[in-house]
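Only one structure is covered here, and it is reproduced in the block below.
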Amino acid sequence: MRAQIMLVRLAAAILVAITGTAAAQDLPALRSHDAAAIDTSTARNAQARMDDADTALALSADGALLYGASAVKMDGYQYCSQAVALAEKGELRQSVRAASQALYLAQQSKDDELLARAYRDLAIVYGYGGDFEKATAFAKAALAHPVKDPTKVVGPAHKVLGDAAARQGDYNAAVAEYQLAMASSSDHYRPLVQLSLANALIGQGDVAGARKQLDAMKTMTADPTLAIQLKRTEAKLLLAENKPNDALALYRELQTSAAGSDAGYQRFWAEDGIARSQLALGDKAQGAATWKQALDGLDQVRAQFHSEEFKMGLFSDVQTVFEQAIDLYSQMGDSAQAFDLSERSRARALLDDVRDRAKVQPGVASTIPVAELQKQLHADERVIEFHTLPERLLVWVVGGDGIHEQSYPIPRKDLVRLVDAFRQSIIDGRRSAVGGADQLGELLIKPLNLPADVRLIVVPSGPLHYLPFQTLRVDGHYLVESHPVSVTPSVSIAMQLIQRGSAVQGTLTAFGNPDVAPQYALPGSEAEVKVLAAAFPGSQLFLHGDATKTRFMASADKTSLIHVAAHAQADTIDPLYSRILLASENGKVNFLEAHEVLGLNLDKVSLVTLSACESGLGRVANGDEVLGFTRSFLAAGASSLIVSLWPVSDDATKLLMSTLYGELAKGTDVQVAMQHAQLAVLRSKGMDHPFFWAPFNVIGDWRLTAGAKP
């Protein structure tokens, strides 16, 4: 208990230390070194552009451009209908683009009704995307405009506000918003609001109020899908009313009556309820077994659906079930089962793609059991796998000697704040970043008692996907100084990638300093790729006007190493629309979007390096599905990736990449090559701050070697 209290206090102290006043803590080196000062300013500007990308002003401007370029033009209300349909399909960025055109047309025509509907649609899509801040802002903007039919705008906007509050655990606010939505909803829409209200009342602890809502709905609900949802909420309420036997009976009824095309989905949620009822009755072992049974059938449920977005969305919905089962098995002392469930919860759409590329035989387990993983790991390798839970952080260290579990009493919401604060301190070049690295290393790494010099394969979870583990310090030294470090969305994915073969003869195709616009010039990237080409004779270089999307698409499948030194922009609402800016073609700015990479065959590609700002950023969905370029390139066939976590320094990146590729050309594996490269920058004058040396991660096959052809 004393150790737990100390950890909680340490976490609180880290936040205070990291978030100190920036003006007092800026690094002197960043003040005195012009290039460094420019670089950190560029980083701040890049982040500000990302923050401003989806404001109403920016979206309206985008809408104007999209509308002007469209060959087929619709009226504003048709764009609103299109936005809703696209959002329902999971095409979030396309939905935003449709709503943006409606927003532009509404502003041009001064049509308040259309303006309110455009804001409503933006609120809905950002709510679907989990950006509750923007969803709330757009919902309030919709409510600020007078409308003729409140059921089209007022009811849906208040429901968005209620959903955002409920998803963040503020049930009091959710209840208030749902009640406002009820007053302005159509007869068709009202039952959805009422059901949401009942669930929020249960969350609030008002079981009497929830019972009143459900009893009223029983006489007015004819929709069969809604009727099933009503029964699920009824069973949930019975548990809240401390009637677990009644809840168990109703959940069993739902389990046996599941029918139709979504029977598996219905059965899954019924079994989840059965497990929770069994736990309420004090039977932990049976509850754990029932949860495992539900999760065992989940892949068959996913296999019924062809829409990738629906598969990922489904898996996102059930992450809470994984969390509860993992937590329970951990409490019961079954670390191996908890680890196996954690692996099964990760990056499932990506794992499916990787398995398909590897031509895995049917019936072979999709995830690697911990016992098999231990056999496949080398003696000097350790997997460190994290799993964030609502109230604690679990970590397993797996090596040939077994599996060891550690639990940290750090709630997920506090971990989010810690990672955000630490990452921001690095981007801002604060001295507090070094102190934060010491304290985070003390908090997360030191208790693991890792042997010296072992290779670390880190499997992050939730906010930890954004944490540069190489920067954490133990006993005054950065982790990278004593350990080669790489990351992977799932160790099962990494092991599948390794099965392809980790030793290749490297042929390099590089793109650098593409001609986009004067403000996007990257002279350092041009010098960077020329140095890399010298390490790999016979390389193909595409610079300036030649560094086009057309050439990338034509050459990507014919090389083992791809290097892109250009600007990148992360799309936080729909990361599969994140993009790399390439040279203009036919007078138009051109870019490569992450979803376009999915259609390529990169089976011959061993390593893709995106030497670009924030190329590794992507939404981490509730199901721990890492989207964006990480997912796209691995799914398309690449074995390893090198991507960045923040806007990079031109000079530091040139040194890092030249060192990295020099090591690769000598036959050094990519994990150790990155360690040498990061240390080379760290030990260079004026570049010892993590901002300069630590932005890049190795993802995927950490054993990859890609020596230059003789």
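The values are calculated or read from the model by the stated rules, or taken from the named source; none is laboratory data. Worth saying up front: this structure is predicted, and the values here are computed from it rather than measured. Ideal geometry is used to build each Cβ from the backbone, glycine not excepted, and the neighbour counts take in all protein chains shown.
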Residue, farthest from the chain's Cα centre (by Cα), within the range 412-425, restricted to residues that are surrounded by fewer than 18 Cβ atoms within 10 Å (Cβ to Cβ) and under 25 Å from V491 (Cβ atoms)
R412
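Determine whether L467 is touching a residue at least 12 places away in the same chain (Cβ under 8 Å), touching a strand residue (DSSP E or B) at 6+ places or on another chain (Cβ under 8 Å) and under 29 Å from D340 (Cα atoms).
Details: touching a residue at least 12 places away in the same chain (Cβ under 8 Å): yes; touching a strand residue (DSSP E or B) at 6+ places or on another chain (Cβ under 8 Å): no; under 29 Å from D340 (Cα atoms): yes.
No.
Any residue in the range 548-561 that is in contact with a helix residue (DSSP H, G or I) (Cβ under 6 Å, 6 or more places away or on another chain) and more than 12 Å from I580 (Cβ to Cβ)?
Taking the range 548-561 first, the residues in contact with a helix residue (DSSP H, G or I) (Cβ under 6 Å, 6 or more places away or on another chain) are none.
Within the range 548-561, none of the residues are in contact with a helix residue (DSSP H, G or I) (Cβ under 6 Å, 6 or more places away or on another chain) and more than 12 Å from I580 (Cβ to Cβ).
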Testing E372 on (1) without any contact (Cβ under 8 Å) to a residue 12 or more places away in the chain; (2) in contact with a strand residue (DSSP E or B) (Cβ under 8 Å, 6 or more places away or on another chain), one condition comes back false. Which one is that?
(2)
Suppose we keep only residues that are touching a Phe, Trp or Tyr at 6+ places or on another chain (Cβ under 9 Å) and surrounded by 20 or more Cβ atoms within 10 Å (Cβ to Cβ) within the range 280-294. Which one would you say is nearest to Y329 (Cα to Cα)?
A288
Exactly one of these conditions fails for D112: (1) surrounded by fewer than 17 Cβ atoms within 10 Å (Cβ to Cβ); (2) closer than 28 Å to Q569 by Cα; (3) in contact with a Pro (Cβ under 9 Å, 6 or more places away or on another chain). Give me its number.
(2)
Enumeration of residues in the range 475-506 that are surrounded by fewer than 20 Cβ atoms within 10 Å (Cβ to Cβ) and farther than 17 Å from H676 by Cα
D475, G476, I498, Q499, R500, G501, S502, A503, V504, Q505
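Please go through the range 563-579 and pick out each residue that is assigned to a strand (DSSP E or B) and in contact (Cβ under 8 Å) with a residue 40 or more places away in the chain.
Correct list: H563, V564, A565, A568, Q569.
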Tell me which residues, restricted to the range 371-396, are in contact with a Pro (Cβ under 8 Å, 6 or more places away or on another chain) and part of a loop (DSSP other than H, G, I, E, B).
P390, E391, R392
Strands (runs of 3 or more DSSP E) within the range 426-535 that include 3 or more residues over 27 Å from the mean Cα position of the chain (by Cα)
503-506, 508-514
Log entry, pairs with first residue in the range 241-268 being aliphatic (A, V, I, L, M), second being not in a helix (DSSP H, G or I), beta carbons closer than 9 Å, six or more apart or on different chains, reads A247/E241; L248/L281
Select, from G264, G209, the only residue that is modelled with pLDDT under 90, out of contact with any Asp or Glu (no Cβ under 9 Å at 6 or more places or on another chain) and in the same structural domain as Y189 (by TED's automatic domain parsing).
G264
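One line per residue, one yes/no per condition, for (1) buried (at least 21 other Cβ atoms within 10 Å of the Cβ); (2) hydrophobic (A, V, I, L, M, F, W, C); (3) more than 22 Å from S277 (Cα to Cα); (4) under 35 Å from the mean Cα position of the chain (by Cα):
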residue	(1), (2), (3), (4)
V193	yes, yes, yes, yes
S196	yes, no, no, yes
A200	yes, yes, no, yes
A227	no, yes, no, yes
R232	no, no, no, yes
Y251	yes, no, no, yes
Here are some conditions: (1) modelled with pLDDT of 85 or more; (2) aliphatic (A, V, I, L, M); (3) surrounded by 24 or more Cβ atoms within 10 Å (Cβ to Cβ); (4) in contact with a His (Cβ under 9 Å, 6 or more places away or on another chain). A594 meets all but one. Which one does it not meet?
(4)
Please verify whether the range 165-181 includes one or more residues that are buried (at least 21 other Cβ atoms within 10 Å of the Cβ), charged (D, E, K, R) and either within 15 Å of A123 (Cα to Cα) or touching a His at 6+ places or on another chain (Cβ under 7 Å) (or both).
yes
